[in-house]
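This report concerns only the one structure given below.
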Amino acid sequence: MSKNKDNIVEIFTDGACSGNPGPGGYGAILKYGREIKELSGCERKTTNNRMEMMAIIKALARLKRPCRVKVITDSNYVVKGMTEWVAGWIERNWLTAQKRPVSNKDLWERLLKLSQLHQIEWKWIRGHHGHPENERCDQLARDAIKNCKTHL
């Protein structure tokens with residue numbers, strides 16, 4: 001990817017599900033300077049939260065070297081998970097404050113491992129409020145669901 005003035009990779013993501021659980025899709029946009037890459041994918045039986053996480057996991061996995069990254073997502077679940085909750089979960093051996101197993105532990109572990117390679121700023125934005133990249137990620141996720149459904 002080419003240089004940009006702040007040397008930051010921006011990652012925009014969204015996940016969607018048709019039924020929860022049900023067929024789900026994710027969309028991600030990676031921006032670095034003028035370069036833009038779009039990613040999407042689907043799973044036949046999943047949840048919205050898992051797709052929100054997969055979007056970020058797939059985007060971070062595309063980075064070839066440690067980077068400064070700004071993740072912009074409409075998922076409070078992911079932002080709070082990574083900035084507020086995960087340290088406590090780890091201290092409690094992946095149990096919530098209510099002593100229940102953490103949902104999506106497998107994806108949290110993958111996200112943590114990928115995150116440790118980079119310097120990440122987590123930013124929440126309100127979904128479906130006209131943010132161009134968020135709207136595009138939503139469309140990528142919904143298109144992925146349609147594609148997944150046609151191949152069932």
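The values are calculated or read from the model by the stated rules, or taken from the named source; none is laboratory data. Predicted model, so just to flag it, every value in this text is computed and none were measured. Glycine also receives a Cβ, built like all others from the backbone with ideal geometry; neighbour counts cover every protein chain displayed.
Okay, here's what the table says:
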quantity	calculated
Residue satisfying all of: in segment 111-123; aliphatic (A, V, I, L, M) and not in a helix (DSSP H, G or I); farthest from Leu63 (Cα to Cα) among these	Ile120
Selection count, segment 1-16, where residues are farther than 18 Å from Arg65 by Cβ and either modelled with pLDDT of 95 or more or buried (at least 20 other Cβ atoms within 10 Å of the Cβ) (or both)	5
Residue identified as part of a loop (DSSP other than H, G, I, E, B) and surrounded by fewer than 19 Cβ atoms within 10 Å (Cβ to Cβ) among Gly19, Gly41, Gly88	Gly19
Breaking point among (1) within 23 Å of Gln119 (Cβ to Cβ); (2) out of contact with any Asp or Glu (no Cβ under 8 Å at 6 or more places or on another chain), for Lys31	(2)
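Here is a yes/no grid of residues against (1) assigned to a helix (DSSP H, G or I); (2) among the charged types (D, E, K, R):
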{"site": "Glu10", "(1), (2)": "no, yes"}
{"site": "Leu63", "(1), (2)": "no, no"}
{"site": "Val69", "(1), (2)": "no, no"}
{"site": "Val79", "(1), (2)": "yes, no"}
{"site": "Gln98", "(1), (2)": "no, no"}
{"site": "Glu109", "(1), (2)": "yes, yes"}
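One line per residue, one yes/no per condition, for (1) β-branched (Val, Ile, Thr); (2) surrounded by 14 or more Cβ atoms within 10 Å (Cβ to Cβ); (3) at pLDDT below 95:
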site: Gly27; (1), (2), (3): no, yes, no
site: Arg34; (1), (2), (3): no, no, yes
site: Lys45; (1), (2), (3): no, no, yes
site: Asn49; (1), (2), (3): no, yes, no
site: Leu63; (1), (2), (3): no, yes, no
site: Arg68; (1), (2), (3): no, no, no
site: Lys80; (1), (2), (3): no, no, no
